[in-house]
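K.L.:
I have a structure here, written as structure tokens, and I will follow up with some questions on it.
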Amino acid sequence: MEAMVRVCKQEAWAARIVAVVSNRPDAAGLEFAASHGIATAVVDHRAFGGRAAFDAELQGVIDGFEPHLLVLAGFMRIFTPGFVGHYAGRILNVHPSLLPAFTGLNTHARALAQGCKFVGATVHFVTAELDHGAIVAQAVTAVQAGDDLASVTDRVLALEHVMYPRAVRWFVEDQLRLEGGLVQQLGAESQAFS
């Protein structure tokens, strides 16, 4: 989220980040956003009896900010199909694997345990199926001799901080076309990062 705020300002996007919404009252991103003049809100999932009630409240809060795009960053909750449908084609997420491989949690540890020679991250449109939306961009790095979970995680995170803001900028500039489950970037930029 912090990378997104910085890049948006540095590149003078024809857009602005209207709010940062978290399900965790202690999320560090809330303080960062507030210090940059960005509205914040918290919808604590622990205050609700289930996903549907939480998603309904979250949707109401988000809709109050009238966003054109939802950008997930460290939001570790699974949305209901109704929530995803309400924002269909307007929710982006970054996942720390080369989807469709290693959906879910502990992606880098699982990739290393499988002996993968490459690891990476994927920006994708969010759908009701966990980590299965249309792929906007991917970043890849080779697993090197001596790598461990920390070194791989750090390298992939650095790539995410470049790739994710770029993918959001493409959306903002109407440079993405989603057809038949595939995403095409209409400019000259590559959808692959390394």
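To keep it simple, each residue is scored yes or no on (1) within 30 Å of Phe54 (Cα to Cα); (2) modelled with pLDDT of 95 or more; (3) assigned to a helix (DSSP H, G or I); (4) in contact with a helix residue (DSSP H, G or I) (Cβ under 7 Å, 6 or more places away or on another chain).
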| residue | (1), (2), (3), (4) |
| --- | --- |
| Val123 | yes, yes, no, yes |
| His132 | yes, no, no, no |
| Asp147 | no, yes, no, no |
| Ser151 | no, yes, yes, no |
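K.L.:
Does any residue in the range 161-184 that is touching a residue at least 40 places away in the same chain (Cβ under 8 Å) come within less than 6 Å, Cβ to Cβ, of a residue that is among the β-branched types (Val, Ile, Thr) and assigned to a helix (DSSP H, G or I) six or more places away or on a different chain, and which pairs are these?
P.N.:
That search, which allows pairs on different chains as well, returns Pro165/Val7.
K.L.:
Just checking, how many residues over the range 109-121 are part of a strand (DSSP E or B) and surrounded by fewer than 19 Cβ atoms within 10 Å (Cβ to Cβ)?
P.N.:
Residues meeting the conditions: 1.
K.L.:
Still on this model: When the range 17-42 is examined, which residues are found to be closer than 11 Å to Glu2 by Cβ and assigned to a helix (DSSP H, G or I)?
P.N.:
If the condition is that a residue be closer than 11 Å to Glu2 by Cβ and assigned to a helix (DSSP H, G or I), then Ala28, Gly29, Glu31, Phe32, Ala33, Ser35 are the ones that fit.
K.L.:
Also, I was wondering about something else. When residues of the range 103-138 are filtered for being of a type in the set (S, T, N, Q) and farther than 21 Å from Leu70 by Cα, how many remain?
P.N.:
Summing the residues that are of a type in the set (S, T, N, Q) and farther than 21 Å from Leu70 by Cα in the range 103-138 gives 3.
K.L.:
Quickly run through the range 138-194 and pick out the residues that are under 17 Å from Ala73 (Cβ atoms) and basic (Lys, Arg).
P.N.:
Within the range 138-194, Arg166, Arg169 meet the criteria.
K.L.:
Exactly one condition in (1) assigned to a strand (DSSP E or B); (2) among the hydrophobic types (A, V, I, L, M, F, W, C); (3) touching a helix residue (DSSP H, G or I) at 6+ places or on another chain (Cβ under 7 Å); (4) more than 30 Å from Gly60 (Cβ to Cβ) is false for Val140; which is it?
P.N.:
(3)
K.L.:
In addition: Got a sec? Which of Phe65, Phe83 is surrounded by 15 or more Cβ atoms within 10 Å (Cβ to Cβ), of a type outside the set (S, T, N, Q) and more than 15 Å from the chain's Cα centre (by Cα)?
P.N.:
Phe83
The values are calculated or read from the model by the stated rules, or taken from the named source; none is laboratory data. Source: prediction; values computed, not measured. Don't worry about glycine lacking a Cβ; one is built from the backbone with ideal geometry, like all the others, and counts go over all protein chains shown.
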